[in-house]
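Each remark here refers to the structure printed beneath this line.
Rule-based calculations on the coordinates, nothing more; no lab input. This structure is a prediction, so every number in the text was calculated from the model and none was measured. Neighbour counts run over all protein chains shown; Cβ positions are idealised from the backbone, glycine included.
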Amino acid sequence: MGAIEGRMAELYDVFVDWEGRLGREMPGLTRRLREVEARRVLDLGCGTGRHVRALLDAGFDAHGADVSADMLAQARACVGDDARLHAWRLGDPPPATLPAAGPFDAITCLGNVWPQVIADADVAAAIAAIRDLLRPGGLLLVGLKAVAVRREAGNPYLPLLKREHEGRTLFFVRFADFAVPAGDDGAELCDFHMAVVAGDGADGHEPTALLHRVSRMRVWSPGGLEAVFAAAGFTHVHASARLDDPAVAPEWEDVFVHARVP
C-alpha cells in the first residue's frame, strides 16, 4: 500500500476541505456508530488525524492507523496523544499496540485507502486482521472511489481542486490510468495520479508542476466489494452511496461498504 509522504503529505490538508467534509460525514457517521452502541473506534488510513480528532470530540474512544510516518506525524499534532496512533500497512500483521487497544466496536476506512490493498493475499490478510480487531457484532465502514464506474463512463478525471496557499494558487489534479496490466492473481488495476501545479499566471507566478505521485490501485466495483466481504464471513454487507444509510444503492463512484462481524 502506497504511503503519502514528503511534500505531498505536507500539502494534503491544504486541498482537503475538512470543514465541509466533516460537516457532511460526521452526522451520518456518528449516527451509524451509535446505532451499534459503538464506543471504541479505529480509523484505518487515518492520514493527518482529522477523523480521529472529530470522533474524540464527539465522545468516542478513537484510534487511528496509517502507513505513512509523515502523515502520522501530522496526526500526532492534531490528536495530541501518541498512544492513539499506530503505524500499520493493511495486508501486514497489525502491530501489537492495536489488539492491545481493542477490541474495537467499529472500524472505519475512509478515503482511497482500501483500493491500495491490491493482491488477493493482501486483501484476505487485511480483512482477517480487521475481523480479529472487531468485537462480535462490530461494525465495519469502508468508503472509497470505485473507479470502475469512471472507467466504464470513459472519464478518468476527478474534479479539479483549486486552493490559495502561501501567496500562490495551487491546483490538485487527480486521474486514473486504466492502461495497466492485471495483477498476477487477475485483479483489475489502475495507476492513480495525483499532481500539484502552482501558479495560474494571474497570481504573478508562471504555472509550475510541483509534485506528481502515482500509486497502483485495485479497481473495485460495488458488487465486487460486497462479494469479498461477504465471502470473508461478514454479515449485513451492503454497498451504498451513503455513509449513513446502507440501503441507498450506489449510483456513481462514491461507495460505502457497511458490514458486521457475526
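First select every other residue whose beta carbon is under 14 angstrom from the beta carbon of D57; then total the charges, Lys and Arg +1, Asp and Glu -1.
-2
Given the chain, what percent of its DSSP beta bridges are antiparallel, to the nearest 5?
Antiparallel bridges make up about 65 percent of those DSSP assigns within the chain.
Label-point separation (nm) for A179 and E10, each offset 7 Å from Cα along Cα-to-Cβ?
3.3 nm
Hull surface divided by four, with the convex hull built on the Cα atoms of segment 1-109: how many nm²?
Quarter of the Cα hull surface area: 6.6 nm².
What longest region of the chain stays clear of GluC sites (Glu not before Pro) that DSSP places outside H, G, I, E and B and that have at most 14 other Cβ atoms within 10 Å?
The longest uninterrupted stretch comes out as 38-165.
For the chain, I need the span (max minus min coordinate) of the C-alpha atoms along each principal axis, in Å, sorted largest to smallest.
58, 42, 33
Can you tell me, using C-alpha contacts under 8 Å and at least 6 residues apart, the relative contact order of segment 148-218 as a whole percent?
24 percent
Relative to the longest principal Cα axis of the chain, at what angle does helix 69-79 sit, 0 to 90 degrees, rounded to 10?
70 degrees
Considering the chain as a Gaussian network with a 10 Å cut-off on Cα pairs, which listed residue, G91, G28, G143, attains the greatest mean-square fluctuation?
G28
Take the alpha carbon atoms of segment 107-250, find their radius of gyration, then divide it by 2.2 N^0.38 Å using N residues; give the quotient. It would help to have the intermediate numbers written out before the result.
Numbers: Rg = 18.2 Å, N = 144, 2.2 N^0.38 = 14.5 Å.
So segment 107-250 has a normalised radius of gyration of 1.25.
Tally Lys/Arg at +1 and Asp/Glu at -1 over every other residue whose Cβ is under 10 Å from the Cβ of G6; what's the total?
On the way: positive: R7, R213; negative: E5, E10, D70.
Local charge sum for G6: -1.
Only Lys, Arg, Asp and Glu count, each charged at its Cβ (+1, +1, -1, -1), so figure out the dipole size of the chain about its Cα centre, rounded to 20 debye.
Dipole about the Cα centre, nearest 20: 440 debye.
Among residues other than R216 whose Cβ falls under 13 Å from its Cβ, what is the net charge (Lys/Arg +1, Asp/Glu -1)?
The answer is -3.
Which value results for Rg/Rh of segment 148-218 when Rg is the Cα radius of gyration and Rh the Kirkwood radius based on the inverse mean 1/r?
1.12
Hey, got a sec? Which trypsin sites (Lys or Arg not before Pro) in segment 74-158 land in a DSSP loop and have at most 11 other Cβ atoms within 10 Å?
On the way: sites: R76, R84, R89, R131, K145, R150, R151; in loops: R89.
When the trypsin sites (Lys or Arg not before Pro) of segment 74-158 are filtered for loop state and at most 11 Cβ neighbours within 10 Å, nothing remains.
So what is the 222 nm mean residue ellipticity for the chain from helices alone, if each DSSP H run of at least 4 adds -39500 (n - 2.57) and you divide by all residues, rounding to the nearest 500 deg cm²/dmol? Could you put the intermediate results ahead of the total?
Working: 8 runs with 82 residues, N = 262.
That calculation yields -9500 deg cm²/dmol at 222 nm.
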